[in-house]
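Presented below is the structure to which this report refers.
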Amino acid sequence: MSIDGLFTRTEEFPNSSAQARLNSLVGLDEIVDRLVVDAIALLDSSAMASWSTAVHGEIIPAVSAVLDRTPMFVFAGDVGVGKTEVAEVIGQAIATRAHVDVSLYPLSLSARGRGAVGEMTTLLTRAFERISSDFACARKQDGTASSLGVLLIDEADALAQSRELAQMHHEDRAGVNALLRGIDGLRVDRIPVLTILCTNRLDALDPAVQRRAAAIQVFNRPSHEQRAALLLRLLAGTEISISDVESLATATAENGVWPYAYTYSDLRQRLVPEIVLSAYRRGVAVNSSIAKEVISRTPPTRPFGSAS
Ligand SMILES: Nc1ncnc2c1ncn2[C@@H]1O[C@H](COP(=O)(O)OP(=O)(O)O)[C@@H](O)[C@H]1O
Ligand SMILES: [Mg+2]
């Protein structure tokens, strides 16, 4: 579904397909849990109030320091490490934990708004207007929220040009300003919407945007254990044993040829499908020698921004 052509499609949580996607994430439980707890604290003042009353006997003044923060997370890191996936399904985890309906509004700046001058600014401004009006009545008198929103601004690298401010095209600066106006407006009006900004280039993200973020979460390529856990799940039921998985996790690490490990998407979207197809073409079972052969001809993705 697309709302006025602004968002790619909206999604309502809880729903079972989002839960399945959440369950299929490997190695991110701690990160997701912390982000969910923080998001609920930022969006629903009654959550902090009941905690403070329970442990301090009153709502301590410092609670307002939390509630004054901008409900915005920045997800940063290389390509294929789970930023978009977590941003798209975190609403599911928030909905189940807070027992409240959550709606996702995904906006992609790479797919849109890079055409005519002024388009990105207009897009951002209209998106914030739309989401503010949708959630204007979601906050009840006592501060609790009857529903929550997640505004996902994916591929925000178009906004991440601060270091080159001097040379920055006037239009890009206008985009940053539209974003700042938008998130400040949500905060001032206490609209229960979490903004998530994903970028491959944290170092270039405008400092004014970084400063406002309630959390900056850097996502990394999977560790040995995380690669093993993902491969074990993805290759379940094949002839690949647990000890084979260990050696596949080692084979997908950084080495003399590739000074960087495989990303989550390298494993899930490239390697495993190719391993399965390779066995299928030969009409044989998926086994570790096929897996090793595929790894040897399927290098990991180069880190974002590294020279080719
Ligand atoms: N922690 C993870 N566990 C399992 N699969 C993952 C994990 N992180 C990412 N993936 C998979 O890798 C692919 C790319 O992830 P994505 O979130 O699009 O990366 P990006 O960081 O570039 O936004 C998706 O298919 C996603 O499901
Ligand atoms: Mg992404």
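The numbers here are math on the coordinates, done by the rules we state, and not lab data. Everything quoted here is computed from the prediction, not taken from an experiment. Neighbour counts are summed over all protein chains in view; Cβ atoms, including those assigned to glycine, are modelled from backbone coordinates with ideal geometry.
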(request) Once you have the Cα-Cα distance between Ser306 and Ser16, take 0.36 nm times their residue separation minus that, and quote the gain in nm to one decimal. (result) 100.6 nm
(message) Given a Förster distance of 51 Å, report the FRET efficiency between Glu129 and Arg233 from their Cβ-Cβ distance, rounded to the nearest 0.05.
(response) 0.75
(message) Skipping prolines and chain starts, which residues have an amide H placed within reach, meaning under 5 Å, of the one on Phe304, given they are 5 or more residues away or on another chain?
(response) Val79
(request) Amide H neighbours of Leu152 under 5 Å, at least 5 residues apart or on other chains, H built in the peptide plane: list them. (result) Tyr105, Leu107, Ile196
(request) Could you calculate the FRET efficiency of Asp142 with Asn177 from 1/(1 + (r/R0)^6), where r is the beta carbon distance between them and R0 is 25 Å, rounded to 0.05? (result) 0.15
(message) If you fit an axis through the alpha-carbon atoms of helix 119-134 and take the longest principal axis of the Cα set of the chain, what angle between them do you get, 0 to 90°, nearest 10?
(response) 70 degrees
(request) Name the residues whose placed amide hydrogens come within less than 5 Å of the amide hydrogen of Ala261, ignoring near sequence neighbours (fewer than 5 apart) on the same chain. (result) Glu254
(message) Using the basic label-point model (7 angstrom from Cα toward the beta carbon), what is the Glu30 to Glu225 distance in nanometres?
(response) 0.8 nm
(message) Using 0.36 nm times the number of residues separating Ala208 and Arg69, minus their current alpha carbon distance, what extension gain do you get?
(response) 48.7 nm
(request) For the chain, build the charge dipole from Cβ charges (+1 Lys, Arg; -1 Asp, Glu) around the Cα centre, then report which of Pro300, Leu179, Ala204 sits farthest towards its positive end. (result) Pro300
(request) Give, in nm to one decimal, the length gained when the segment between Val218 and Arg190 is fully stretched (0.36 nm per residue of separation minus the Cα-Cα distance). (result) 7.4 nm
(request) Restricting to the chain, compute how many DSSP beta bridges are antiparallel as a %, nearest 5. (result) 15 percent
(message) Per-residue counts of other Cβ atoms within 10 Å, averaged by peptide: what ranking do you get for 79-90, 126-137, highest first?
(response) 79-90, 126-137
(request) Please give the peptides 200-212, 224-236, 278-290, 261-273 ranked by average Cβ packing (other Cβ atoms within 10 Å per residue), highest first, as a rough proxy for protection. (result) 261-273, 224-236, 200-212, 278-290
(message) Relative contact order of the chain, please, whole-number percent, based on alpha carbon pairs below 8 angstrom and at least 6 residues apart.
(response) 21 percent
(message) Cβ neighbours within 10 Å, averaged per peptide: list 5-13, 150-158 in order, most packed at the top.
(response) 150-158, 5-13
